[in-house]
Each structure stands twice: as structure tokens, then as C-alpha cells.
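Here the structure comes first, spelled out in C-alpha cells, and everything after it is commentary.
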Amino acid sequence: MRKLTFQAILASAALALLTSMAHAEIVIKFSHVVAENTPKGKGALLFKKLAEERLKGKVTVEVYPNSSLFGDGKEMEALLLGDVQLIAPSLSKFDRYTKQIQVFDLPFLFKDINAVHRFQNGPVGQSILGSLKKKNLTGLGYWDNGMKQLSANKPLRRPEDAKGMKFRIQSSDILEAQFKAVGAFPQKLAFAEVYQALETGVVDGAENPWSNIYSQKFFEVQKYISESNNGYLGYMLVTNTKFWDGLPADVRKTLEETLTEVTVQVNQWATEFSEGDRQKIKDSGKTEILTLTPEELAAWKTAMKSVYDQFTPSIGKDIVDAALAANK
Ligand code: LMR
């Protein structure tokens, strides 16, 4: 009798545990490094809103913007450790994990955002999303920010103008090579440190898309911005494979559908932000936007061409060719 009672207690405790597990909300921490009034910042909040509406009581999404939970150096590690479940680093920040993604950093690779989308949505772009599987990372999609513009306290019209100057770069070997190719000194710095580095002269210049230049107020500490469109800055939404595959199938499906929908909206915002923030920067009168002539742009392109020879073997010629073909 005593034994039976003990078993009954055990059984009811197990049942209570199972019931509480079944009802436990899944918490998705989404960490990123930019402001909320950017395509990625707004995208994260829209994902939270829609996911929580559609999976009421099952899923909670906590968004941490502006490097408030983890900065650049730490967010990938945090994802692998299970401290966050969703991040969207720029494609430049994956180079320690896979060489294929580096293709996006090649200077002047895509003629416009439409070419970027053709490549991302094509077979090679999609296979790159899966290229991190071995590292327990699952790519869930690409989000745009925009094309990068060069900025400095002196006018940068031709590649020679950058000679001897220090530029902040994201942690990418290709971006490092790109600035070395024009005789400049690149310096890898976390995004959260850029404003101060520009303000105090730790670096002389940088390359950023319009929405980051505006939302981080970089234009207040850079006298000139050359409209160079010298590279693409976009993101890969990435999750921990074990976490994602362990989600109940119906929850995962809803989250994936929601992300697809949010991606369309983010990319539309990205276009709007690129135009709107450029205009706001212009209107501020705090910096001068330089329009480069086709000849000047061609000179930058030629000066940076050696980066292709240097990195195509490690990225894969088929991948570089597929990206170039997306321009046609
Ligand atoms: C940067 O470090 O410049 C960007 O990757 C920041 C971002 O997430 O847009």
C-alpha cells in the first residue's frame, strides 16, 4: 500500500512536469546590433508582433537591439551556446564560419539590389543558406540593408584619395583586402564602437549603408560621403539548428512562414530607408554628399579588382560566377 502510494506520487509528479512542459512558452531571444529605426530593427519587432499573435501562449519573442544583449563579437557564440535563439548578423560577419558567404563582400559585385535578390533567391544563394549546417547553424533567410557608401573627413573621389587613411571595417578579410588594395589601413571594429572611433579620430573613415549612417549619426562626424555604392550590406537570419529542429513542427512552420512574410516587408523598408535616410542626411547640411562620375567609379572598381583574384579560390569560382551572372 505504502509502495503504491509512493508510485502514485511519482506518477502525478511526472504528469505535472509533463503538463508544465507542454504549456511552457518557447522564448526566442532575438539579438542585434542596430537601432530600432532601421530595416533590421523594424523587422525584428514585426517578427515579434506576428509570431506572438499567431502563436499566442506558445511563443514569446524578446528583441534586444543596439548590441544591448550581445555585440558583434559575441552574438554568434551566444547563439551556439543557446543564450539567444535568433540573430541577423551582416553577411560580412560569417567569414570565420564559412568562406562561401564571403562572396557578398566582393567590391562592386552587384550592380543593384535586384541583382542581389536574383542571386540570393537562386540555387547558389539558397545553398549558401544551408552552408552552416555543419556548425549547428541554420540560415533562415536574407534581409537587406543597402549598398555601402564611403565616408571620411576629406573628399574621397578617386582611390588615391584613400591612400594612407584608416578605415573602420566589419570583421571580414575581404573588406580588409579591399581597403589595402587602395593603400588604406583597414581596422576591424565592432559596430557599437564605430561612432566613437570616427569622432575621436581612431579611424578616418568608414563604409556604411545610408540607414546605418543616419541612425548611428555617423554623418555628424564625417564631413563627406561619397556615393560609391561599393558593396552590399545585408544580413543572414540565423538560428541554432538544434533549437530550431527541436521545435514542435507546427510552431516551426508558423515561424518560418512568418519570417518569409517579414522578409518581404524588411526588404521594402530597406529600399525606403536607403532613399529616405540619404535625403535626411542631405537635408541636415552636416555633411556633403559627393556624386562620383562614371570614370571615378570605374577607377575605384579597377583599384579593388585584385581582391577577386585573391579570394575567388577560397569562395569558389562557381559561386563568384553565379553572383556575377545575376547582374545580367
Ligand atoms: C556593421 O557592423 O557595420 C553592420 O554589420 C551593422 C549592421 O548590423 O548593420
*Zone of residue 196 (label point 7 Å along Cα→Cβ, backbone N under 19 Å): which residues in region 142-186?*
167-171
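Tell me which trypsin sites (Lys or Arg not before Pro) from region 22-127 have a DSSP coil assignment and no more than 12 other beta carbons within 10 Å of their own. Display every interim value, and only then the final one.
Details: sites: 29, 40, 42, 48, 49, 54, 56, 58, 74, 93, 96, 99, 111, 118; in loops: 56, 58, 96, 99, 111.
Passing both the DSSP loop test and the Cβ count: 56, 96.
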_Tilt relative to the chain, helix 39-54 - C-alpha long axis, 0 to 90 degrees, to 10_ = 20 degrees
*Three-way shape label, region 149-307, alpha-carbon gyration tensor, a/c 1.5*: prolate
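Quick one, can you get me the convex hull of the C-alpha atoms of the chain expressed as volume per residue in Å³? If you can, show how the numbers build up before the last one.
On the way: hull volume 45.7 nm³, N = 328.
Enclosed volume per residue, from the Cα hull, is 139 Å³.
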*Residues residue 249 and residue 328, FRET efficiency given R0 of 35 Å [Cβ-Cβ distance, rounded to 0.05]*: 0.30
*asked:* What is the angle, in °, between the Cα long axis of helix 294-303 and the longest principal axis of the Cα atoms in the chain? Nearest 10 is fine, range 0 to 90.
replied: 70 degrees
*Overall Cα dimensions of region 160-206, principal axis frame, Å, largest first*: 26, 21, 9
*How many Å² of accessible area per residue for the chain, probe 1.4 Å?*
46 Å²
*State the answer as a single residue: which of 136, 273, 304 lies farthest towards the positive end of the charge dipole of the chain, with beta carbon charges of +1 for Lys and Arg and -1 for Asp and Glu, about the Cα centre.*
136
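Using a 10 angstrom Cβ neighbour count of at most 14 plus a DSSP loop assignment to flag exposed GluC sites (Glu not before Pro), which longest range of the chain is free of such sites?
Working: sites that count: 25, 36.
The longest such stretch corresponds to 37-328.
Evaluate the relative contact order of region 2-325 (contact order divided by residue number), counting alpha-carbon pairs under 8 angstrom at least 6 apart; express in whole percent. List each step's numbers first, then the result.
On the way: 570 pairs, mean separation 78.7, N = 324.
Dividing the mean separation by the residue count of region 2-325 yields 24 percent.
Just how large is the dipole of the chain about the Cα centre, in debye to the nearest 20, putting +1 at every Lys and Arg Cβ and -1 at every Asp and Glu Cβ?
Charge dipole of the chain: 700 debye, to the nearest 20.
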*Relative to the longest principal axis of the chain, what angle (0 to 90°, nearest 10) does the C-alpha long axis of helix 72-81 take?*
20 degrees
*Choose one of 100, 81, 67: the residue whose Cα lies farthest towards the positive end of the charge dipole of region 47-103 (beta-carbon charges +1 Lys, Arg; -1 Asp, Glu; about the Cα centre).*
100
*Counting helices only, and only those DSSP H runs with n ≥ 4, report the 222 nm mean residue ellipticity of the chain as the sum of -39,500 (n - 2.57) divided by its residues, in deg cm²/dmol to the nearest 500.*
-14500 deg cm²/dmol
_Whole-Å distance, taken between Cα centres, linking region 94-119 and region 158-213_ = 19 Å
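With a cut-off of 8 Å between alpha carbons and a minimum separation of six or more residues, what is the relative contact order of region 184-328 in percent?
Details: 66 pairs, mean separation 46.3, N = 145.
Rounded, it is 32 percent for region 184-328.
The values are calculated or read from the model by the stated rules, or taken from the named source; none is laboratory data. Quantities reported herein were computed from a predicted structural model and do not represent experimental measurements. Every residue, glycine as well, gets a Cβ built from its backbone with ideal geometry; the counts of neighbours run over all protein chains shown. Surface areas here come from the heavy atoms of the whole protein model, side chains and all, with no ligands, DNA or RNA. Shrake-Rupley method; radii C 1.70, N 1.55, O 1.52, S 1.80 Å.
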